[in-house]
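The next block holds one structure in the form of structure tokens; read it before the comments.
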Amino acid sequence: MASKMLVRPGIQVFHGISRSRSLQALSALTPFVLWVPTAHALPSFARQTGEECAACHVGGFGPQLTPHGSRFKLSGYTDTDGKGGKVPLSAMMVGSWTQTRKDLSEDAGPHDGPNDNASLDQAAVFLAGRLSEKIGSFTQVTYSGVDEKLALDNMDLRYAQPLTLAGKDSLVGVTVNNNPTVTDPFNTLPAWRFPYVSSELAPGGAASPLMVGGLGQQVMGASVYAFWNDVLYAELGGYHTLSHQSLRALGASDDLGNTPGLTDYWRLAYLNDQRKQNFTAGVFGLNSSVQPGRIDGPENKYNDVGVDASYQFLGTRQHIASLYSSYIHEDQKLNASFANGDAADRTGRLTEFVLNASYYYDQTWGLTVGRFDTKGGRDAGLYAPGPDSGSRLASPNTAGYIVQADWSPWGKEDSWQAPWANLRLGAQYVIYRRFNGAEDNYDGSGRNASDNNTLFLFAWTSF
Amino acid sequence: MKAGKNKKGPSLFGVVGRQGASIADFSYSDALKQAGLSWTPEQLDAYIAHPKKVVAGGKMKYDGLDDAAARADLIAYLASIH
């Protein structure tokens, strides 16, 4: 997860590209790149538990979790091999090279050219692991080489308590965190789903639901959760934006605005773990009111509701196959944006469908294929024409495929330098079939959706 | 699986026939220490089937393997590692 996410929500990635006023107004809520989670494979967890990375992660590298890894997370990152002297610190670096099929009309970043850019996407340190018997942390501070900025990234500080509920073993806990869905133990919700890394210097669609990274690092909140009988998971949380001064002190962007009242997040999921295979199914949602620009007065209201499901074949761990999917529907009441002249209509909607399948051989060689499809109503205020990131048809509709092949040579018990180092090298290609409403000339300036097809080569290491 | 390589649980290298709670540098639960178990195949079978019934209050988070044939295969494998 670059800066927890390689692409941070609400952060303009086309640093050098001027956008229309309407798009700028929406930027706090709709990243202009594919929003991706921060990916983590942390050797400090392996050192703490005495287990190999592959015990908790598919492919010997994070963040794809096995049920064993999910339980470690829900236990508050506190499981240990019983030996003292473990320091809960890790570090991570991601470097990459990005090529879009056609050069952008302006530079892709403040320190980059219009194409063929190499970048240090992130250099991060983590406080990750057991702090006491029942308290653990997953907190990341990240330097972005693209932004040349240091900031607090994902934070998940949790207390967990095993107990018996209705005669069944259960885990209950409390987490203080700064990103709704970062607490989730599965890989279907936005904070932890595929792609786990992606380019910060390539275009993405004009809009995505608020809970797809729109609040991350700009809010702080708490949630309570329970995992009953290894079957049912429930979570309820509330969030509020941090003050402008606090965000500046933490190095975070202040693109979202103010959230008067409490932003509530809820989650219910079912897990059927048959050891050799498992599947999950769940529902989730988020409600938030936003005052863009922190201006008192009318509010935008976002109501997100989603369903998700996954299947994982683990077998003997030599061949691992996973299938993840989610669908989010967002209803918008855009009174603030309408009053500011940034939206042409007082109401709007977005839907987002994500499906991906991965296969890993020998916890080392991986191939993942994903499908993404975002749709929404037309709004000439929200989605205006403009080079590269605009929409000729006033539409956010964006769809395509992602293919990724990767190699994770370490992360196993007998790996070189285990459990002190891990590495993943990968090649990812994003194919756009539709971009901001059209296949051809989508931006009104002659750019086609396929011009944004992106080759992303990355080296990702942690220690 | 290596001798002396403990993880969240003690090393299972040579566990069949071993006295319970006998690896010096592993932090066992008080419940397991007081159970006085000897890991015979029969005792392992009962424990793997229902860990919490055999050692109430232990640290084991695994909730048990119901399949008797699978338990027999597992114990046969463990017996081969010594």
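The values are calculated or read from the model by the stated rules, or taken from the named source; none is laboratory data. Just so we're clear, the structure is a prediction, and the values are computed from it rather than from any experiment. When we count neighbours, we look across all protein chains shown, and the Cβ atoms used for this are built from the backbone with ideal geometry, even at glycine.
Some observations on this one:
- Test result for residue A:286, within 26 Å of residue A:259 (Cα to Cα), surrounded by 20 or more Cβ atoms within 10 Å (Cβ to Cβ), touching a Lys or Arg at 6+ places or on another chain (Cβ under 7 Å) and aliphatic (A, V, I, L, M): no
- Residue selected from region B:26-50 under the condition touching a residue at least 24 places away in the same chain (Cβ under 8 Å) and surrounded by fewer than 14 Cβ atoms within 10 Å (Cβ to Cβ), by the criterion nearest to the chain's Cα centre (by Cα): B:40
- Being closer than 27 Å to residue A:386 by Cα and of a type in the set (A, V, I, L, M) is a property that residue A:151 lacks.
- Region B:14-25, subset farther than 13 Å from residue B:60 by Cβ and surrounded by 14 or more Cβ atoms within 10 Å (Cβ to Cβ), residue farthest from the other protein chains (Cβ to nearest Cβ): B:16
- Which listed residue, of A:65, A:74, A:42, is modelled with pLDDT of 95 or more, of a type outside the set (Asp, Glu), within 17 Å of residue A:129 (Cβ to Cβ) and in contact with a strand residue (DSSP E or B) (Cβ under 6 Å, 6 or more places away or on another chain): A:74
- Within region A:393-428, if we keep just the residues that are surrounded by 20 or more Cβ atoms within 10 Å (Cβ to Cβ) and aliphatic (A, V, I, L, M), the residue that is farthest from residue A:383 (Cα to Cα) turns out to be A:423.
- Considering region A:75-119, and only residues there that are acidic (Asp, Glu) and surrounded by fewer than 22 Cβ atoms within 10 Å (Cβ to Cβ), the residue that is nearest to residue A:170 (Cα to Cα) turns out to be A:81.
- Pairing each residue of region A:414-427 that is within 13 Å of residue A:93 (Cβ to Cβ) with any residue that is β-branched (Val, Ile, Thr) and not in a loop (DSSP other than H, G, I, E, B), provided the two are 6+ apart or on different chains, yields C-beta distances under 8 Å for A:421/A:461; A:422/A:461; A:423/A:461; A:424/A:461.
- Identity of the residue in region A:381-413, of a type in the set (A, V, I, L, M) and without any contact (Cβ under 8 Å) to a residue 60 or more places away in the chain, that ends up nearest to residue A:349 (Cα to Cα): A:394
- Look at (1) in a loop (DSSP other than H, G, I, E, B); (2) of a type outside the set (Val, Ile, Thr); (3) within 12 Å of chain A (Cβ to nearest Cβ); (4) touching a residue at least 24 places away in the same chain (Cβ under 8 Å) and you find that residue B:65 fails only one, number (4).
- Test: residue in region A:264-271 that is in a helix (DSSP H, G or I), of a type in the set (Gly, Ala, Ser) and either modelled with pLDDT under 95 or under 22 Å from residue A:56 (Cβ atoms) (or both): no
- Matching residues, region A:154-189, being surrounded by fewer than 23 Cβ atoms within 10 Å (Cβ to Cβ), more than 14 Å from chain B (Cβ to nearest Cβ) and of a type in the set (Ser, Thr, Tyr): A:159
- Residue check, residue A:239 under 30 Å from residue A:148 (Cα atoms), among the hydroxyl-bearing types (Ser, Thr, Tyr) and at pLDDT 95 or above: yes
- Count of residues meeting criterion [touching a helix residue (DSSP H, G or I) at 6+ places or on another chain (Cβ under 8 Å), of a type outside the set (Gly, Ala, Ser) and surrounded by fewer than 23 Cβ atoms within 10 Å (Cβ to Cβ)] in region A:364-387: 1
- Between A:102, A:86, the distinction of being over 20 Å from the mean Cα position of the chain (by Cα), within 14 Å of chain B (Cβ to nearest Cβ), in a loop (DSSP other than H, G, I, E, B) and of a type in the set (D, E, K, R) belongs to A:86 only.
- Among residues of region A:49-62 being within 12 Å of another protein chain (Cβ to nearest Cβ) and outside any loop (DSSP other than H, G, I, E, B), the one that is modelled with the highest pLDDT is A:56.
- Region A:296-326, subset part of a loop (DSSP other than H, G, I, E, B) and touching a residue at least 60 places away in the same chain (Cβ under 8 Å), residue nearest to residue A:267 (Cα to Cα): A:314
- Looking only at residues in region A:228-242 that are of a type outside the set (D, E, K, R) and in contact with a Lys or Arg (Cβ under 9 Å, 6 or more places away or on another chain), the one that is farthest from residue A:271 (Cα to Cα) is A:241.
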